[in-house]
Every structure is written in C-alpha cells, then in structure tokens.
1. Can you work out which of the residues in the range 44-61 that are part of a loop (DSSP other than H, G, I, E, B) and open to solvent by 50 Å² or more (accessible area, probe 1.4 Å) is modelled with the lowest pLDDT?
2. Of everything in the range 114-144 that's surrounded by fewer than 19 Cβ atoms within 10 Å (Cβ to Cβ) and β-branched (V, I, T), which residue is nearest to L220 (Cα to Cα)?
3. Against the conditions (1) at pLDDT 90 or above; (2) farther than 28 Å from S229 by Cα, where does K135 fall short? Just the number, please.
4. Out of the residues in the range 85-100 meeting the condition of being touching a strand residue (DSSP E or B) at 6+ places or on another chain (Cβ under 7 Å) and assigned to a loop (DSSP other than H, G, I, E, B), tell me which one is farthest from V166 (Cα to Cα).
5. Just checking, how many residues over the range 62-94 are modelled with pLDDT of 95 or more, among the charged types (D, E, K, R) and under 13 Å from the mean Cα position of the chain (by Cα)?
6. Sort out which residues of the range 186-197 are open to solvent by less than 100 Å² (accessible area, probe 1.4 Å), out of contact with any strand residue (DSSP E or B) (no Cβ under 6 Å at 6 or more places or on another chain) and modelled with pLDDT of 60 or more, and write them in order of number.
7. Which one is farthest from F154 (Cα to Cα), of the residues in the range 66-123 that are of a type in the set (V, I, T) and touching an Asp or Glu at 6+ places or on another chain (Cβ under 7 Å)?
8. In the range 143-179, what residues are under 18 Å from D211 (Cα atoms) and aromatic (F, W, Y)?
Amino acid sequence: MYKCTSLTNMSKKYSIMFILSCTLCAVMLCSCKSSPANSNTAASFQLNRISNIFTANEYYKYDRAEAFSYTDYGVFGKVTVSLVYDTKTNMAGVQFRSNLGGYNLLMNDATRHALADSVKVYLSDFDSQKLSKKKRASYKIYGQYPCRMEWGLFAQAASNYAEPDVQMGYMFKGTSPYFTLTVWETKNLVRQVTTSNDEDLQTTYLFMTKDQAEQLGSKLSDAAVSAASSKAGE
C-alpha cells in the first residue's frame, strides 16, 4: 500500500523577498486611508497599482489542477497549479508557487507529447507494481525534454528565465511513488554574469499522485491546449 509523507525545506532568499513584498503592499494599502472622503477611489487606485506589479506575464489561464511541492512554509504539501497558454509562443504549461517563489514551466508541443507518454508509462508501472523504492530504483527518469522555466517572487511577474530540460519520472517520498517533474539548478539567462547562486534557478519539483498525473496529462493534451488557444484568441 502506497502512503503519503511530508518533508521540510525553506528558501531564505524568497522568505526575505516575500516579507518585503507584503510590507510594500501593506504600506500602499494603508496610504489610501489618509483621505477619508476619497477612500473608495484611493483604495481602488492602490489595488490596481499592486495588481499591475504582479501581472507582467499575461498568460491565458484556462484550467487548474492539484499537485504537491514545497509550499511557502517550506513544507512538502498540496499546491494548486494553473494551466496556462502563451499566445506569443504557443507554449503551454503550469504556473505554480514553491518555496516562496513563483514559477512558469512552459512546454512546446513535443515536450507536452513526451509528458503524455511519460504519464502513461508511470501509470502502467504503478498498476503493475513495478515502482520500487529499493536502492537506485526509488528515483527513475522516463526522459528529459526542453522547456522554458521562468521564476521570481510571483509567477505572474517572473523576470528571470532559463531554457533547461525538464525531467519526467517518479520519486518516492516515504512509501509514496509520485510522478515527478524536475528542473535542476541552472543559469539565469537574463544575466550574462550572475553575482550569486541566488540569481540562478534552484532545483524545482512538482510531485503528483497517480490521479493528479493523469489529470495533468489530460489538461495539457493537444485537445485541451487547442481549446485554450481558441478561447484566448476571442
């Protein structure tokens, strides 16, 4: 019987950034109280300013799904991911938070097809009890394929990007074999020379149960992305 477990992890850099961001938002919101007569107008103006800060990447969100990752509290737990479509590149993927950071993991058609194939293999291995946590078998790679990874304090305003490979496979957490999307640490392409490792992409994971993996594969299928493309163009 497979069971779910939890681990802990925390990013100091994003913790500081998150606190500063919350402080900024609080100051901006509180500042609208200085003019009671125009409080409604002022509040609306301040909220629009905050929204503009965090919506630089206007990808079309067409669905949602569930997965597991390291949450903003540094705990391994359930997260909600948005399915997004980029009208400029025709890439589709997932937008999510992990370790106080926001990420856009975008895939071209070939990588999405590879995801569908990898999910099928995982489901077959799961049903036939081929998933083993013994020795090196506790982590298995079905393949790795090109992607675009964007990151920042908020995914909607991610200003950093890289073009690494995303690994698809499974990983055990305790006695639970999760289907896993892994993007390993890689250089930030925004800066030719990074001054610290904090500016580069840190290793990022998305974990899925059997049902979640099947659901994600379906929501990134050609049919789903084609429908999203049509709606985004309306």
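1. Residue satisfying both the conditions and the ranking: T55.
2. V121
3. Of (1) at pLDDT 90 or above; (2) farther than 28 Å from S229 by Cα, only one is false for K135: (1).
4. Residues of the range 85-100 that are touching a strand residue (DSSP E or B) at 6+ places or on another chain (Cβ under 7 Å), as a first pass: 85-87, 91-99.
This time we only want the ones that are assigned to a loop (DSSP other than H, G, I, E, B), so: 87, 99.
Details: T87: 21, N99: 18 Å.
By that ranking, first place goes to T87.
5. Residues flagged as modelled with pLDDT of 95 or more, among the charged types (D, E, K, R) and under 13 Å from the mean Cα position of the chain (by Cα) within the range 62-94 amount to 2.
6. Hit for the range 186-197 is R191, nothing else.
7. Quick first cut of the range 66-123, residues of a type in the set (V, I, T) only: 71, 75, 79-81, 84, 87, 89, 94, 111, 119, 121.
Filter again for touching an Asp or Glu at 6+ places or on another chain (Cβ under 7 Å), leaving 80, 119.
Details: T80: 14, V119: 28 Å.
Checked the range 66-123; the qualifying residue farthest from F154 (Cα to Cα) is V119.
8. Y170, F172, Y178, F179
The values are calculated or read from the model by the stated rules, or taken from the named source; none is laboratory data. The structure presented is a predicted model; accordingly, all values stated were derived computationally and were not measured. Counting neighbours? That spans all protein chains shown, and the Cβs are built from the backbone with ideal geometry, glycine included. Heavy atoms of the whole protein, side chains included, go into the accessibility calculation; ligands, DNA and RNA do not. Shrake-Rupley method; radii C 1.70, N 1.55, O 1.52, S 1.80 Å.
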